[in-house]
Amino acid sequence: MKNIPFRAIAAALLVLGLGWGCSKPSGSASAPAPAAGDVKIGFIVKQPEEPWFGLEWKFADQAAKELGFALVKIGATDGEKVLTAIDNLAAGGAQGFVICTPDTRLGPAIVAKAKADNLKLIAVDDQFLGADGKPMTDVHYLGISAYKIGQSVGTTLAGEMKQRGWSAADTAVCAVTFEELATAKERTDGAISALTGAGFPADRIFKAPQRTSDIPGAFAAVDVLLTQKPGIKHWLVCGMNDSAVLGAVRALEQRGYAPDTCAGVGINGTDCIVEFEKDKPTSFFGSMLLSAKQHGHDTAAMMFHWIKDGTEPPLDSRTVGVLITRDNFRQVLKEQGIRD
Ligand code: GLA
């Protein structure tokens, strides 16, 4: 032991994340506040190909322009990529990052890495889970009011069923589920509770569990369900987001269901624009439009003020959704700055 130079021990401690700087709680930096132009913030997302995340980035860029900080956008689809991205951000001089993690169980590892690299951290969209499987409520988080928004999906579907005069005997619900993700489970649980609350029979509600939370994952899951439940005249569809419902709508079309025999309502409102712009309506009836601006712009701005002025963001913020359909989407998207 006596032959090991002090510098080597210090370096090893740093690698292990035990260096002096690392024991400082993030937020209590004693260094003078950086100038706006010296602030660098990372924005890491789990599914960069999904329009929702592209919009978060677009709005985060807007915040960077307004406030004069540098933004580094990173797509990280698995845990290894996330941890490398965090190290690269630190090496590149960033002081903090916003992240939608590809796996919420990475929470403790991400927190440890951020601490070791002395980076501030805000989780967006998907809340971290601790080793005990419970939400890490001590990590700053901005997400949606998932259960409530899910309930609005269910209420909309029940209303459409009534409006179209479909009987319960002829109708079934397909809930495209992704229950390993808490915000996704809350959404579909909310939709199901609103449907049963409106009198829809619970024994005609069927779950189609997605293996992956994208359109192909939903398509495959619903295809299996449709094989198991032939002969149903009308399907009402809910899911964690637009991709889930789009996958279901494509699976229904493939089975020969005409657009006006089924109705699906998604969540995000950002990944269904092409669908609404189609000449002819499909079974994708509507979507709960979320605020990509709050999720992208506001989280990045919160991080900026935290780094620059020491203003700590709220620990838990929840955003709402509004229903868009083919009838009003152009107007609403324009109001929200998503479309010109
Ligand atoms: C999750 C979903 C996204 C989007 C966000 C909204 O991350 O995967 O599609 O719905 O939540 O917070």
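Structural remarks
- Boolean, Arg330 is within 23 Å of Phe178 (Cβ to Cβ) and open to solvent by 60 Å² or more (accessible area, probe 1.4 Å): no
- Residue count, region 256-276 (criterion: more than 14 Å from the ligand (Cβ to nearest atom), among the small types (Gly, Ala, Ser) and touching a helix residue (DSSP H, G or I) at 6+ places or on another chain (Cβ under 6 Å)): 2
- Of the candidates Asp327, Asp298, Asp260, the single residue that is within 21 Å of the chain's Cα centre (by Cα) and of a type in the set (D, E, K, R) is Asp298.
- Region 46-82 - residue that is of a type outside the set (D, E, K, R) and open to solvent by 60 Å² or more (accessible area, probe 1.4 Å) and, of those, farthest from the ligand (Cβ to nearest atom): Gln62
- Pick from region 126-135, criterion assigned to a loop (DSSP other than H, G, I, E, B) and surrounded by 19 or more Cβ atoms within 10 Å (Cβ to Cβ), ranking: farthest from the chain's Cα centre (by Cα): Phe128
- Among the residues of region 277-296, those that are away from the ligand (no atom under 12 Å from the Cβ) and open to solvent by 10 Å² or more (accessible area, probe 1.4 Å) comprise Glu277, Lys278, Asp279, Lys280, Pro281, Thr282, Phe285, Lys293.
- Condition broken by Gly269, with the remaining ones in (1) small (Gly, Ala, Ser); (2) under 24 Å from Val332 (Cα atoms); (3) open to solvent by 10 Å² or more (accessible area, probe 1.4 Å) satisfied: (3)
- Residue match in region 306-320 (condition: assigned to a strand (DSSP E or B), within 29 Å of Ala244 (Cβ to Cβ) and open to solvent by 60 Å² or more (accessible area, probe 1.4 Å)): yes
- Answer residue from region 83-103, given it is over 21 Å from Ala64 (Cβ atoms) and open to solvent by 10 Å² or more (accessible area, probe 1.4 Å) and is farthest from the chain's Cα centre (by Cα) among those: Asp87
To keep it simple, each residue is scored yes or no on (1) farther than 21 Å from Pro51 by Cβ; (2) without any contact (Cβ under 8 Å) to a residue 12 or more places away in the chain; (3) outside any helix (DSSP H, G or I).
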| residue | (1), (2), (3) |
| --- | --- |
| Val176 | no, no, yes |
| Ala191 | yes, no, no |
| Ala194 | yes, no, no |
| Gly199 | yes, no, yes |
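- Region 160-189, subset more than 16 Å from the ligand (Cβ to nearest atom) and closer than 16 Å to Phe206 by Cα, residue surrounded by the most Cβ atoms within 10 Å (Cβ to Cβ): Cys174
- Subset of region 231-248 [closer than 18 Å to Trp166 by Cα and either part of a helix (DSSP H, G or I) or open to solvent by 10 Å² or more (accessible area, probe 1.4 Å) (or both)]: Gly231, Ile232, Lys233, His234
- Taken together, the residues in region 50-82 that are farther than 19 Å from Arg105 by Cα and part of a helix (DSSP H, G or I) amount to 17.
- Of the criteria (1) touching a Leu at 6+ places or on another chain (Cβ under 8 Å); (2) within 16 Å of the ligand (Cβ to nearest atom); (3) open to solvent by 10 Å² or more (accessible area, probe 1.4 Å), which one Ala301 fails: (2)
- Filtered residue count, region 83-125, keeping only those that are within 14 Å of the ligand (Cβ to nearest atom), part of a loop (DSSP other than H, G, I, E, B) and in contact with a Phe, Trp or Tyr (Cβ under 9 Å, 6 or more places away or on another chain): 3
- In region 263-283, the residues that are farther than 19 Å from Gln151 by Cα reach residues that are away from the ligand (no atom under 11 Å from the Cβ) and of a type in the set (Asp, Glu) with C-beta atoms within less than 9 angstrom, at least six apart or across chains, in these pairs: Pro281/Asp260; Thr282/Glu253; Thr282/Glu275; Ser283/Glu253; Ser283/Asp260.
The values are calculated or read from the model by the stated rules, or taken from the named source; none is laboratory data. This one's a predicted model, so the numbers in the text were calculated from it and none came from an experiment. No Cβ is skipped: glycine too gets one built from the backbone with ideal geometry, and neighbour counts run over all protein chains shown. Note: areas computed on protein heavy atoms with side chains; ligands, DNA, RNA excluded. Shrake-Rupley method; radii C 1.70, N 1.55, O 1.52, S 1.80 Å.
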